[in-house]
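Structure, as structure tokens:
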Number of protein chains: 4
Amino acid sequence: MNRKNSVRTIPAFAGFLLLVAVIACTSITPGEAQRWYPSRWGAADQRGAANRLTPAKVLEAKDLIKQGMVYQLGRVYESGMPMFGTRHYSLRIPQTFKIAGSNQAMYHDELVSGELGQVGTQFDGLGHLGIGDLFYNGNNRTEFAQPEGLTKLGIENVGPIMTRGVLIDVARLKGKAQLESNYEITAADLQAALKSESIEIRPGDVVLVHTGWGSLWMKDNATYSKTSPGIGVAAAQFLADKEVTVVGADNWGVEVNPNPDASLGAPVHQLLLARNGIYLHENLNTEELARDAVYEFAYIFAPLRLKGATGSPGNPIAVR
Amino acid sequence: MNRKNSVRTIPAFAGFLLLVAVIACTSITPGEAQRWYPSRWGAADQRGAANRLTPAKVLEAKDLIKQGMVYQLGRVYESGMPMFGTRHYSLRIPQTFKIAGSNQAMYHDELVSGELGQVGTQFDGLGHLGIGDLFYNGNNRTEFAQPEGLTKLGIENVGPIMTRGVLIDVARLKGKAQLESNYEITAADLQAALKSESIEIRPGDVVLVHTGWGSLWMKDNATYSKTSPGIGVAAAQFLADKEVTVVGADNWGVEVNPNPDASLGAPVHQLLLARNGIYLHENLNTEELARDAVYEFAYIFAPLRLKGATGSPGNPIAVR
Amino acid sequence: MNRKNSVRTIPAFAGFLLLVAVIACTSITPGEAQRWYPSRWGAADQRGAANRLTPAKVLEAKDLIKQGMVYQLGRVYESGMPMFGTRHYSLRIPQTFKIAGSNQAMYHDELVSGELGQVGTQFDGLGHLGIGDLFYNGNNRTEFAQPEGLTKLGIENVGPIMTRGVLIDVARLKGKAQLESNYEITAADLQAALKSESIEIRPGDVVLVHTGWGSLWMKDNATYSKTSPGIGVAAAQFLADKEVTVVGADNWGVEVNPNPDASLGAPVHQLLLARNGIYLHENLNTEELARDAVYEFAYIFAPLRLKGATGSPGNPIAVR
Amino acid sequence: MNRKNSVRTIPAFAGFLLLVAVIACTSITPGEAQRWYPSRWGAADQRGAANRLTPAKVLEAKDLIKQGMVYQLGRVYESGMPMFGTRHYSLRIPQTFKIAGSNQAMYHDELVSGELGQVGTQFDGLGHLGIGDLFYNGNNRTEFAQPEGLTKLGIENVGPIMTRGVLIDVARLKGKAQLESNYEITAADLQAALKSESIEIRPGDVVLVHTGWGSLWMKDNATYSKTSPGIGVAAAQFLADKEVTVVGADNWGVEVNPNPDASLGAPVHQLLLARNGIYLHENLNTEELARDAVYEFAYIFAPLRLKGATGSPGNPIAVR
């Protein structure tokens, strides 16, 4: 039964206590709550910054395609790739199937299991991470996080993304192949890099941050996963103020890990996903874009429509 | 050990027998074998018709984008969707994870298991189906079909696809919302429909066939899965002669099922995948394209880079 | 972080509200709560009725073994078996693995996925079902139900079970091969059947109820799963008062489904698991025991030690 | 279609070649083949040494139960346990399910995926490993190893095992807590240990070998998995000659790894499983038995009836 029904079964007094409880359980004060919802797209919105995707942005992206060159930003999903915590990814090819017929058709399937939206190159949806029990637009996980899938904020709500993409090469700005293991990228870093690239960010853009950390992928997975340079809260706020749609990077969490403020866990995720409805794209391969100094391009990605999922795997592309 | 090593361990005579065996096991005569390999792209090629994708085709597709309208061709992956045989698809949201910190970050993952490249909207790779033991370019399944993934013809070899897309609305040609349950679409049907649409097929195009069968998806799954109208061998040969890259449809196998020739199982799969290296895209949603009479568009799809997989799920898009 | 830590981060007042909340959230009044915990085995106990298993009961079971006849009570796990809701069970044999060596060792694995402790013949642990948020011994699911496994009441705590087993053949009592589809077995039914079998129940026993419903397994799965005859609350209380360790049956939920009181869902599960720490064994094959009129036997079952699992699959045996 | 049907579709000559092929493909000469099949239990037998299990052996085991003490020989299945190659084991607890009703029943499932019969404490069935393409009783993997399960030699054929168990403590014989990392246990070692224990092996027994290697489990998994002391071919032949039913050990492969003869891979598996139909039980916990000097006991284990599986997980018990 859904919570609403269960509530009916409780005496009025307990009902009142439950009301109080919901506030208490969220572990944040109403004051804090008011900071971020209802969202600018209305109290019923489930798509967040995807609302910034318009035919105009599609055409803006189209106009950036001049040479017909396509860059794959997605990593290969394979056994042994860097994995967070106890997540897993397994692929097996079953014995060959034979189809009846004189033409002897034989075929193969593949059995895959894993935290599919949260392994390898992954696109974080708005149901992935919240502040206490409250997620984007004030949706309470105790309501929408159901065993068979999220009943709100599922990745199937996002839709295809074709928009202007911008690469901010912070490693280049710092004159390094790779930023330090726990370097916090600041708003000033982003602004300086953008200036050096003669690029500005526009509403609805997808911004990819190149840290150089991605060069460790499948070369030194232990180091890659242990910590990572990435944007801090201030840089994230800068991007949120620019009204972007997605923030991606060539590291495993987009944000700096661990956060310089040891008391904080994944604050950038909270700022972008929960407070601003802005998506994250992690474990991207931005090496070729950086190598070729491609700072502006058409970013194209359509999340797998996994009903009720928290994220999506995929192979986003940059076209110029 | 791989087969090659094992062979070394066999006495010469047994070795000779094995040589004979390989031919016998393939269940086709050398004569037949010579029909389709080595491929036109060389004996080492693993990408087949994906070799037809060029910057020129990307620009050709780009020029078809005039309104910035995006159509999702991918179905939602969900419990209860039509499934072939005993394949399965399962998604569960584990209990909420809590991250240490005063900011109380909480997050969700999703556990997914299934024949991922062969459920729902699926893109068939060249390692999916063969003729006896021989697949595209004469690759022998006993060599490349390994338990941890295909060592050749894996879906990760395909790369992103951005090219001209063409919709052939055969249902419209026949003046029906939906073709009969086991109607074989002929080459003449395709030609007539193309003529009525004033569209021609060019090398490297992706051709989508609208049968109307897709309207049964999640409405009458039993009927949808039991049989299906689709292209026959002659129509497939017509498309192969046009040098297309992918053939897709709004049914579960692209081809007519069962085949009018009861002695044949999946002959169109063999003709397109094994003999011509042309990919298949199944269980597509072509309803909106047909409704809006969009017969020419930019088709964009980047298969999930699942190392050694036979196919890929996904959400291909048509942009105009 | 665990909830305890998070609580520290909440202002005192919110902390008080949360305290109130915990009571409210459990959706039962403290009065109700006091009915069943702390358990008779102490507030820290996680094994419930498994505490009734002693060397004396093992020897009592041993003395029932006179002919050396072994009965399998477990069903075969296979594709297409009756399944509750959207649970799944999948088994695939990957391509053959080859081991390097002149002796040409080749081997097969199997890839299995599913709600393993809750499909087919299944043994319900104390972490499976509760009353509101409270489970056996008052453990709160918001504390112990963690994504990577239950941190309390996991099936690994049960340990092997070798004890006296008793079969109560209610179908025989009623002179039927099979009880009606939603017949509620009463305490009087159990007593009458026991009397006709000249059997009494002793503390620590495992009691299996034969309803005849199991004869539908893999013969008419739709009927088998739709409803089922089984024990009602009063019969369950009768068995709890007899201080048994496990209650099993040849149906999918042990208890009558739906319950004659339409406002109740799984009340027998709550009475046995949550209030009395008594385990359930579902989807058993009791046909041979009933056929041979074996009413007393050694019941032997060792749950799979799946850390943090809610239940266990298995093949319990009855030996006489 | 099954191979038989497909053969029909091949011209007579190819048919003859295929016949030759089957012999050649097995990678062993007919001469070798004749060594081990048909089995002593007939050409149709699928149970091998399980045929040695009789009511008499059950009663023999029963008579060894004198104190009612039960030892768990199975390890806990958990994340991070030693794993062979790229096998995996994953368990997750989905969000809590709520059942409609005024009694507010809530329940948990667990989602498990992995090579279930071949991870952790595992019982190897006769379909697990063969000599070339030939397995126990000459069954050819190209016939019975089907994607949805083994059509012969599946673990469901074994049935419950209750028989006399014997522990051979070789570590104790050598005066060590643990044998060297790659020590090959000889037939003489087994005989000497048996003599020191005043125990003899009888037909139908289950023999467990204590090497002490198990003390590394979850303490030093890297060392545990890298190599292991265990029985060699001669010791295995000694046990086969004693007509045992199962050979188990506290290591990951029962046999010494790597084999002193570098050209051999898993020869003991071949000798016991393929040639003699004797089962293997791996990753057992024999520490308590060794500590208490329990050399004779009732061994009880009922493999999970996973249709078409190669092995079974489980928690075998020793009772005395």
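Taking the criterion of being touching a residue at least 60 places away in the same chain (Cβ under 8 Å), in a helix (DSSP H, G or I) and among the acidic types (Asp, Glu), would at least one residue in the range A:154-162 satisfy it? Explain how you work it out, then say what you get.
From the range A:154-162, those touching a residue at least 60 places away in the same chain (Cβ under 8 Å) are A:154-162; that's our starting set.
In the following step, the residues that additionally are in a helix (DSSP H, G or I) were identified as A:155-157.
Narrowing further to those that are among the acidic types (Asp, Glu): A:156.
Yes: the range A:154-162 contains one or more residues that are touching a residue at least 60 places away in the same chain (Cβ under 8 Å), in a helix (DSSP H, G or I) and among the acidic types (Asp, Glu).
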All positions within the range B:94-123 that are part of a loop (DSSP other than H, G, I, E, B) and more than 23 Å from C:Phe144 (Cα to Cα): B:Glu115, B:Val119, B:Gly120, B:Thr121
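The rows are residues; the columns are (1) in contact (Cβ under 8 Å) with a residue 40 or more places away in the chain; (2) open to solvent by 10 Å² or more (accessible area, probe 1.4 Å); (3) within 24 Å of B:Lys152 (Cα to Cα).
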{"position": "B:Asp205", "(1), (2), (3)": "yes, no, no"}
{"position": "B:Ser215", "(1), (2), (3)": "yes, yes, no"}
{"position": "B:Ala222", "(1), (2), (3)": "no, yes, no"}
{"position": "B:Gly277", "(1), (2), (3)": "yes, no, yes"}
{"position": "B:Glu282", "(1), (2), (3)": "yes, no, yes"}
{"position": "B:Glu288", "(1), (2), (3)": "yes, yes, no"}
{"position": "B:Ile317", "(1), (2), (3)": "yes, no, no"}
Selection status of D:Arg305, within 10 Å of chain C (Cβ to nearest Cβ), of a type in the set (D, E, K, R) and within 27 Å of D:Lys62 (Cβ to Cβ): yes
Residue check, D:Glu184 closer than 29 Å to D:Lys307 by Cβ, out of contact with any strand residue (DSSP E or B) (no Cβ under 6 Å at 6 or more places or on another chain) and among the acidic types (Asp, Glu): no
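Which one is least open to solvent (accessible area, probe 1.4 Å) among residues in the range C:40-50 that are in a loop (DSSP other than H, G, I, E, B) and more than 14 Å from chain D (Cβ to nearest Cβ)? Write out each step before concluding.
Step one: of the range C:40-50, the residues in a loop (DSSP other than H, G, I, E, B) are C:40-41, C:43-47.
Pick out the ones that are also more than 14 Å from chain D (Cβ to nearest Cβ) and you get C:40-41, C:43-46.
Details: C:Arg40: 149, C:Trp41: 74, C:Ala43: 76, C:Ala44: 90, C:Asp45: 20, C:Gln46: 55 Å².
The extreme case among them is C:Asp45.
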Residues within the range B:51-97 that are more than 7 Å from every other protein chain (Cβ to nearest Cβ), under 22 Å from B:Glu200 (Cβ atoms) and among the small types (Gly, Ala, Ser), tallied: 1
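Answer yes or no as to whether D:Gly165 is open to solvent by less than 20 Å² (accessible area, probe 1.4 Å), under 27 Å from C:Gln122 (Cβ atoms) and more than 7 Å from chain C (Cβ to nearest Cβ). If you could, list the steps in order and put the result at the bottom.
On the way: open to solvent by less than 20 Å² (accessible area, probe 1.4 Å): yes; under 27 Å from C:Gln122 (Cβ atoms): no; more than 7 Å from chain C (Cβ to nearest Cβ): yes.
When the stated conditions are applied, D:Gly165 does not pass them.
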Residue match in the range A:250-263 (condition: at the interface with another protein chain (Cβ under 10 Å from one of its Cβ atoms), without any contact (Cβ under 8 Å) to a residue 12 or more places away in the chain and polar (S, T, N, Q)): yes
Test: A:Leu208 is closer than 20 Å to A:Thr245 by Cβ and either away from chain D (no Cβ under 14 Å) or outside any helix (DSSP H, G or I) (or both): yes
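Would you pick out the residues in the range C:33-54 that are charged (D, E, K, R) and in contact (Cβ under 8 Å) with a residue 60 or more places away in the chain? Steps first, please.
Applying the first criterion (charged (D, E, K, R)) to the range C:33-54 yields C:35, C:40, C:45, C:47, C:52.
Result: C:Arg35, C:Asp45, C:Arg47, C:Arg52.
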A:Leu239 vs. criteria in contact (Cβ under 8 Å) with a residue 40 or more places away in the chain and closer than 21 Å to B:Asn103 by Cα: yes
From B:Gly132, B:Gly127, residue being within 12 Å of chain A (Cβ to nearest Cβ) and within 23 Å of A:Leu116 (Cα to Cα): B:Gly127
Elements of type strands (runs of 3 or more DSSP E) contained in the range C:256-320, each with 2 or more residues being under 30 Å from D:Lys98 (Cα atoms): C:279-282, C:311-313
Selected residue (criterion: farthest from C:Val244 (Cα to Cα)) from residues of the range C:168-188 that are open to solvent by less than 20 Å² (accessible area, probe 1.4 Å) and of a type outside the set (Gly, Ala, Ser): C:Leu179
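Looking at A:Trp36, is it more than 9 Å from chain B (Cβ to nearest Cβ), surrounded by fewer than 23 Cβ atoms within 10 Å (Cβ to Cβ), closer than 28 Å to A:Ala318 by Cβ and in contact with a Lys or Arg (Cβ under 8 Å, 6 or more places away or on another chain)? Walk me through how you get there before you give the answer.
Working: more than 9 Å from chain B (Cβ to nearest Cβ): yes; surrounded by fewer than 23 Cβ atoms within 10 Å (Cβ to Cβ): yes; closer than 28 Å to A:Ala318 by Cβ: no; in contact with a Lys or Arg (Cβ under 8 Å, 6 or more places away or on another chain): yes.
So A:Trp36 fails the test.
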Any hit, the range B:189-196, residues being open to solvent by 10 Å² or more (accessible area, probe 1.4 Å), within 20 Å of the chain's Cα centre (by Cα) and either closer than 30 Å to A:Gln122 by Cβ or modelled with pLDDT of 95 or more (or both): no
Tally of residues being open to solvent by 10 Å² or more (accessible area, probe 1.4 Å) and hydrophobic (A, V, I, L, M, F, W, C) across the range C:151-162: 0
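Table: residues versus (1) without any contact (Cβ under 8 Å) to a residue 24 or more places away in the chain; (2) crowded, with 24+ Cβ neighbours inside 10 Å; (3) at negative phi.
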| site | (1), (2), (3) |
| --- | --- |
| C:Gly68 | no, no, no |
| C:Leu73 | no, yes, yes |
| C:Gly85 | yes, no, no |
| C:Arg92 | yes, yes, yes |
| C:Glu110 | yes, yes, yes |
| C:Gly114 | no, yes, no |
| C:His128 | no, yes, yes |
| C:Ala145 | yes, yes, yes |
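Please work out if A:Tyr224 is of a type in the set (Ser, Thr, Tyr) and either within 14 Å of chain D (Cβ to nearest Cβ) or in contact with a Phe, Trp or Tyr (Cβ under 7 Å, 6 or more places away or on another chain) (or both). Lay out the reasoning, then the answer.
Numbers: of a type in the set (Ser, Thr, Tyr): yes; either within 14 Å of chain D (Cβ to nearest Cβ) or in contact with a Phe, Trp or Tyr (Cβ under 7 Å, 6 or more places away or on another chain) (or both): yes.
In short, yes.
Report, by residue number, each residue of the range A:251-265 that is of a type in the set (A, V, I, L, M, F, W, C) and open to solvent by 20 Å² or more (accessible area, probe 1.4 Å).
A:Trp252, A:Ala262, A:Leu264
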Failed item, numbered, when C:Ser79 is tested on (1) open to solvent by 10 Å² or more (accessible area, probe 1.4 Å); (2) in a loop (DSSP other than H, G, I, E, B); (3) farther than 30 Å from C:Thr227 by Cα: (3)
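The values are calculated or read from the model by the stated rules, or taken from the named source; none is laboratory data. Bear in mind that the values here come from a model prediction, so they are computed numbers and not experimental data. Methodologically, a virtual Cβ is constructed for each residue, glycine included, from the backbone with ideal geometry; neighbour enumeration extends over all protein chains shown. The area values use the complete protein model at the heavy-atom level, side chains included, leaving out ligands, DNA and RNA. Shrake-Rupley method; radii C 1.70, N 1.55, O 1.52, S 1.80 Å.
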